[in-house]
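Quick notes on the structure that follows.
The values are calculated or read from the model by the stated rules, or taken from the named source; none is laboratory data. Just so you know, these numbers come straight off a predicted model, no measurement behind them. Backbone-built Cβ (ideal geometry, glycine too); neighbour counts: all protein chains shown.
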Amino acid sequence: MTVSNTPLNHVTAHKQYSEMADVPTAGNARVVDAYPTRVAQAPASLTQPRQDGVVKGRALPGPLSEAQLDEFERKGYLFIPNLIDGEELEALRKEMNALLSNDAYHDKAFSITEPESHEIRSLFAVHRLSERLGALASDERVAGAARQIIGDDPYVHQSRINYKPGFAGKGFNWHSDFETWHAEDGMPNMHAVSASLILTDNHEFNGPLMLIPGSHMEFVPCLGETPEDNHKRSLKAQEVGVPSPEALTHLVDKYGIDAPKGKAGGLLLFDCNTLHASNANLSPDPRSNVFFVFNRPDNRCVAPFAAPKQRPSFLAHGPEESGYPEA
């Protein structure tokens, strides 16, 4: 594996954006909530226009071509097939299996099981649990692509392994990751990108990720107050922070639905505000991926915009955090 020599938490002068007028502070004192959500009454409009740029680092070094950046700008996602293969892919699969089968992780807060079983469906903070996955998070093929999109050297806001076992893997409702990160983690603006490296073949029968291309340009305010410790339920089955059927119908009518599929080793990059979901796995083939969220240092989280308190740090790392995740 080719790994960048520059760690992700080492910020260099790579900025390609205008400085924000309001700098995030711990108490939200100087942060304007540009994307109100978890509201008590239905807003006047189903969606509101995005206020942040999409691709902000075109002049920065990285692996993506102008054509690829244009596609990401237009669709809110980009699928790169065959990014890794051979021994490198096999080593990552072995690492994933070792982590998921580690009995020491089963009853930890950062280990999420299927709603009706004790089988792990998501394991968080994997870039801190695994030296190999930590190296992958700083690999230029992955972190360099994030740099070109968000406009600065990124840090890992969140990492996880997602595992959807054959026949038993449940689906996940439509949602925008940014809506949750904004409401519950305090991420101010849309300056984050997700990178999902698929470790098993993704096909139409094993619950591939579905996305609404173009939906990244519209923010969907959601109804309902955030319950205390909502993450304990939402990571198994998300019910709060889910767009209304009317908003989803509007966006699907306007943009359609895509489901990028392909062989193991492909990389899916998608904008933090792109609406996505997945069906249950109805095949015998498991579907798994390792997932990194890259955020911009000046977009670090502040106090939550629509939750009683911030979620645990294994769900929302800060730029300087390191070490083993808390239990």
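Descriptive notes on the structure:
- Of all residues in region 238-259 being of a type in the set (D, E, K, R) and in contact (Cβ under 8 Å) with a residue 60 or more places away in the chain, the one that is surrounded by the most Cβ atoms within 10 Å (Cβ to Cβ): Asp258
- Where helices (runs of 4 or more DSSP H) fall entirely within region 126-172, those with at least 2 residues that are over 19 Å from Leu78 (Cα atoms) are at 126-129, 131-137.
- Phe79 being touching an Asp or Glu at 6+ places or on another chain (Cβ under 8 Å) and under 20 Å from Pro260 (Cα atoms): no
- Tabulated pairs, region 265-287, first under 26 Å from Pro245 (Cα atoms) and free of Cβ contacts under 8 Å to residues at least 12 places away in the same chain, second among the aliphatic types (A, V, I, L, M) and not in a loop (DSSP other than H, G, I, E, B), C-beta under 7 angstrom, 6+ apart or interchain: none
- Qualifying residue in region 171-192 (condition: closer than 22 Å to Ser101 by Cβ, within 11 Å of the chain's Cα centre (by Cα) and touching a residue at least 24 places away in the same chain (Cβ under 8 Å)): no
- Residues located in region 208-240, provided they are closer than 19 Å to Asn279 by Cβ and modelled with pLDDT under 85: Ser234, Leu235, Lys236, Ala237, Gln238, Glu239
- Considering region 280-322, the residues that are out of contact with any helix residue (DSSP H, G or I) (no Cβ under 7 Å at 6 or more places or on another chain) and among the aromatic types (Phe, Trp, Tyr) include one that is surrounded by the most Cβ atoms within 10 Å (Cβ to Cβ), namely Phe314.
- When residues of region 260-276 are limited to those that are at pLDDT 95 or above and over 20 Å from Arg93 (Cα atoms), the one surrounded by the most Cβ atoms within 10 Å (Cβ to Cβ): Asp271
- Taken together, Ala59, Ala91 contain a single residue that is of a type in the set (A, V, I, L, M, F, W, C), within 27 Å of Pro188 (Cβ to Cβ), touching a residue at least 40 places away in the same chain (Cβ under 8 Å) and surrounded by fewer than 16 Cβ atoms within 10 Å (Cβ to Cβ), which is Ala59.
- Within region 274-300, being hydrophobic (A, V, I, L, M, F, W, C), within 16 Å of Asn206 (Cα to Cα) and either under 14 Å from the mean Cα position of the chain (by Cα) or in a strand (DSSP E or B) (or both) holds for one residue alone: Ala277.
- Those residues of region 50-88 which are part of a helix (DSSP H, G or I) and small (Gly, Ala, Ser), in sequence order: Ala67, Gly86
- When we screen Ser122, Ser159 for residues that are polar (S, T, N, Q), in contact with a strand residue (DSSP E or B) (Cβ under 6 Å, 6 or more places away or on another chain) and crowded, with 24+ Cβ neighbours inside 10 Å, the only hit is Ser159.
- When the residues of region 62-83 are filtered to those that are surrounded by fewer than 16 Cβ atoms within 10 Å (Cβ to Cβ) and of a type in the set (S, T, N, Q), the one that is farthest from Ala303 (Cα to Cα) is Asn82.
- Look at region 308-327: where a residue is within 28 Å of Glu225 (Cβ to Cβ) and modelled with pLDDT of 90 or more and a partner is surrounded by 15 or more Cβ atoms within 10 Å (Cβ to Cβ) and of a type in the set (Lys, Arg), sitting 6+ places away or on another chain with Cβ atoms under 8 Å, you get Gly318/Arg300.
- Among the candidates Thr180, Thr200, residue that is of a type in the set (Ser, Thr, Tyr) and assigned to a helix (DSSP H, G or I): Thr180
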